[in-house]
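Novice: Here's a structure for you.
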Amino acid sequence: MREGRPSITAALVSFARGVGVHEPIPDPLAGELLPGPLGLALRRVRDSEALRPLGRTLLRYASLGLVDHVSLRTLAIDALVEEGVREGLDQIVILGAGLDARAYRLPALAGTKVYEVDLPATQRFKRARTKRLPAPLAELVYVSVDFGREALDERLIEAGFDAGRPALFLWEGVTMYLSHDAVDGTLERIARVAAPGSLLATTYSIPNPLGSPVGELAKKVLFGLVFGEPMIGEFTPEAMRSLLSAHGFSVVRDDGGDTWAREAGVDRHLAKLFQGERLVVARRA
Ligand SMILES: C[S@@+](CC[C@H](N)C(=O)[O-])C[C@H]1O[C@@H](n2cnc3c(N)ncnc32)[C@H](O)[C@@H]1O
């Protein structure tokens, strides 16, 4: 992460879910949250009935499937949030929230308390942009934490989090930017405040998903040198399952893009290039 600068990858994924694979757009507020030309381009496509179908098709291909991957991931996690709220979870912790707009756009979150956790620069940027939005549907609290370095559990409690009641923790598109120790340390902190019954949904990258050294090199150069956010965290599904289990979480599902597409009713998607990212959901015993 470039010191003191908002996350570039947070903007990219926000853009992707602001385009979407089909209607309705997963994140219709992304255009307001994104900076400069990115936000303007997205608003142009979003707000024009005539431009939208062609613009969407072009962006789906031009993004090499990122639009499809992130949109399907968002829909899968949105469905999970709705399910969690239905079962009574009313504290939602969004770890590495970036430009996540769930507190503003998901009606299910009305009446819940949402804690958005991220690095200060990204939060500052997000907070400035949310001035363009109507009030959030949830009670929204910002908590600034650097995973692996700062005490997430203590910061959450200071911010009003109730460790005596179960919560839903979302960690979407973040673990791949962290060292193994930072992921392990953050899980330990989460486990300290996650009451029994809490749910944790996290995405993670599997090693060498493309099976090609060239693809891996391209990924390293793009994310590390161009975006300044190197992808360094990888887990096999077995390693992730045993890490979660070591912190008291039992896996209830672990799947990827094809499952998310089926659940969203999308029969053909372009997300193959990103198939190395999976979503695991685990319950605190
Ligand atoms: C790819 S973005 C994902 C954002 C959001 N979860 C989403 O899916 O739209 C990664 C996010 O992780 C945050 N992040 C990266 N390293 C972090 C760290 N050490 N501590 C806290 N947040 C971090 C970044 O600031 C960024 O917002």
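Novice: Taking the residues in the range 99-122 that are farther than 19 Å from Arg189 by Cβ and more than 16 Å from the ligand (Cβ to nearest atom) as candidates, determine which candidate is surrounded by the fewest Cβ atoms within 10 Å (Cβ to Cβ).
Specialist: By that ranking, first place goes to Pro107.
Novice: Is it true that Leu210 is surrounded by 17 or more Cβ atoms within 10 Å (Cβ to Cβ) and of a type in the set (A, V, I, L, M, F, W, C)?
Specialist: Here the answer is no, as Leu210 does not meet what is asked.
Novice: Within the range 151-166, does at least one residue satisfy the condition of being away from the ligand (no atom under 13 Å from the Cβ), assigned to a helix (DSSP H, G or I), among the aliphatic types (A, V, I, L, M) and surrounded by fewer than 21 Cβ atoms within 10 Å (Cβ to Cβ)?
Specialist: Checked the range 151-166: at least one residue is away from the ligand (no atom under 13 Å from the Cβ), assigned to a helix (DSSP H, G or I), among the aliphatic types (A, V, I, L, M) and surrounded by fewer than 21 Cβ atoms within 10 Å (Cβ to Cβ).
Novice: Tell me the helices (runs of 4 or more DSSP H) entirely within the range 4-57 that contain at least 3 residues that are aliphatic (A, V, I, L, M) and within 12 Å of the ligand (Cβ to nearest atom).
Specialist: Passing ranges, in order: 8-19.
Novice: Right, next: How do the pairs read when you match residues in the range 172-200 that are farther than 21 Å from Ala79 by Cβ with residues anywhere that are basic (Lys, Arg) and near the ligand (Cβ under 9 Å from one of its atoms), using Cβ under 9 Å and keeping only pairs 6 or more apart or on different chains?
Specialist: Ala182/Arg149; Gly185/Arg149
Novice: Exactly one of (1) small (Gly, Ala, Ser); (2) at pLDDT 90 or above; (3) surrounded by fewer than 16 Cβ atoms within 10 Å (Cβ to Cβ) is unmet by Ala282. Its number?
Specialist: (3)
Novice: Just one of (1) within 15 Å of the ligand (Cβ to nearest atom); (2) out of contact with any helix residue (DSSP H, G or I) (no Cβ under 8 Å at 6 or more places or on another chain); (3) among the acidic types (Asp, Glu) trips up Glu139, so point out which.
Specialist: Among (1) within 15 Å of the ligand (Cβ to nearest atom); (2) out of contact with any helix residue (DSSP H, G or I) (no Cβ under 8 Å at 6 or more places or on another chain); (3) among the acidic types (Asp, Glu), Glu139 violates only (1).
Novice: Between residues in the range 202-215 that are over 14 Å from Ala239 (Cα atoms) and residues that are at pLDDT below 90 and in a loop (DSSP other than H, G, I, E, B), which pairs lie under 9 Å by C-beta distance while being six or more apart or on different chains?
Specialist: Note: pairs meeting the criteria are Pro209/Gln275; Leu210/Gln275; Gly215/Asn208; Gly215/Pro209.
Novice: Does Gly88 satisfy the condition of being away from the ligand (no atom under 14 Å from the Cβ), assigned to a loop (DSSP other than H, G, I, E, B), closer than 18 Å to Ala138 by Cβ and of a type outside the set (Val, Ile, Thr)?
Specialist: yes
Novice: Could you tell me how many of the residues in the range 184-207 are surrounded by fewer than 23 Cβ atoms within 10 Å (Cβ to Cβ) and in a helix (DSSP H, G or I)?
Specialist: 7
The values are calculated or read from the model by the stated rules, or taken from the named source; none is laboratory data. Every value quoted in this text rests on a predicted model; they were computed, and no experiment measured them. Positions of Cβ are backbone-derived with ideal geometry, glycine not excepted, and every protein chain shown enters the neighbour counts.
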